[in-house]
1. Is it the case that ASP165 is farther than 23 Å from VAL85 by Cα, under 21 Å from the mean Cα position of the chain (by Cα) and surrounded by 10 or more Cβ atoms within 10 Å (Cβ to Cβ)?
2. So the check is Cβ under 9 Å with 6+ separation or different chains; which pairs have a first residue in segment 33-58 that's closer than 16 Å to LEU10 by Cβ and in contact (Cβ under 8 Å) with a residue 40 or more places away in the chain and a second one that's part of a helix (DSSP H, G or I) and of a type in the set (Asp, Glu)?
3. Test each condition in (1) in contact with a helix residue (DSSP H, G or I) (Cβ under 8 Å, 6 or more places away or on another chain); (2) touching a residue at least 40 places away in the same chain (Cβ under 8 Å); (3) in a helix (DSSP H, G or I); (4) not basic (Lys, Arg) for TYR17 and report the one that comes out false.
4. Look through VAL133, VAL111, VAL147, VAL138 and report the one residue that is outside any helix (DSSP H, G or I) and either free of Cβ contacts under 8 Å to residues at least 24 places away in the same chain or of a type in the set (A, V, I, L, M) (or both).
5. Those residues that are under 15 Å from the mean Cα position of the chain (by Cα) and hydrophobic (A, V, I, L, M, F, W, C), I need them from segment 23-34; list them, please.
6. Which residues, taken from segment 81-108, are among the aromatic types (Phe, Trp, Tyr) and either outside any helix (DSSP H, G or I) or surrounded by fewer than 15 Cβ atoms within 10 Å (Cβ to Cβ) (or both)?
7. Hey, can you tell me all the residues within segment 48-80 that are farther than 23 Å from TYR31 by Cα and outside any loop (DSSP other than H, G, I, E, B)?
8. Could you list, in sequence order, the residues of segment 125-144 that are surrounded by 12 or more Cβ atoms within 10 Å (Cβ to Cβ) and over 16 Å from ALA158 (Cβ atoms)?
Amino acid sequence: MANVILGLLLIRAMSQYDLVKAFEAGVSLFYSASSGSIKRALDGLLERGLVEIASQEEGGRGRKTYRVTAIGEAAFREWMLGDLVGGDMEAAALSRLYFLGHLPAAERPVVLERIQARIESGLAQLERLEAQVAAVDVPDELRDLAVYQRATLAYGLASHRFALDWFTQMHDEVGSREITS
């Protein structure tokens, strides 16, 4: 979540309220967060020097506006260009795609290639599981359950294949766009 917040703050300086609204307006399509989790992530970014307070209103609530520091920009760039980690491949891929425009044009294909590699790895893992499952003799009393477990696996395979095709097409489009620009 911290990197998503950095990406949003690279668009413009925002308050915590603005960040919550930005999550609701677009980021929530691939990454959900509560106001409390955004606050905790923002506090952590502030502690680590990745963001700073750009302004603070006087009186009452003292609304603070945050902006990314140079260290935060470097950390964001490192995250964008780094390997996709964690269990939620879709959120990891889409969060980078959402902010791909922050990177120089020449680096965008690199991010898409890392996403493709992560999807290919997950697909290979599911295909190995599919081969193992196919070799299992399911007892009669578990056949109904096994049907839906295999359907779940089939969904995962189809989802990974779709994502791989989609990101491959995006990579090709980004590459050709960079060549013609």
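Values in this text are rule-based calculations from the coordinates and carry no lab data. Just so it is clear, the model here is predicted, and its values are computed rather than measured. Neighbour counts are summed over all protein chains in view; Cβ atoms, including those assigned to glycine, are modelled from backbone coordinates with ideal geometry.
1. Spelling it out, it is not the case that ASP165 is farther than 23 Å from VAL85 by Cα, under 21 Å from the mean Cα position of the chain (by Cα) and surrounded by 10 or more Cβ atoms within 10 Å (Cβ to Cβ).
2. Going by the 9 Å Cβ cut-off, the qualifying pairs are LEU50/GLU73.
3. All conditions pass for TYR17, except number (1).
4. Working: VAL133 fails: outside any helix (DSSP H, G or I); VAL111 fails: outside any helix (DSSP H, G or I); VAL147 fails: outside any helix (DSSP H, G or I).
Just one listed residue meets the conditions, VAL138.
5. First, the residues of segment 23-34 that are under 15 Å from the mean Cα position of the chain (by Cα): 23, 26-33.
Those that are under 15 Å from the mean Cα position of the chain (by Cα) and hydrophobic (A, V, I, L, M, F, W, C): PHE23, VAL27, LEU29, PHE30, ALA33.
6. Within segment 81-108, the first condition is being among the aromatic types (Phe, Trp, Tyr), and the residues that meet it are 98-99.
Matches in segment 81-108: PHE99 only.
7. Here is the first cut: in segment 48-80, the residues farther than 23 Å from TYR31 by Cα are 49, 52-64, 69-71.
Of everything in segment 48-80, those that are farther than 23 Å from TYR31 by Cα and outside any loop (DSSP other than H, G, I, E, B) turn out to be GLU52, ILE53, ALA54, SER55, GLN56, LYS64, ALA70, ILE71.
8. VAL138
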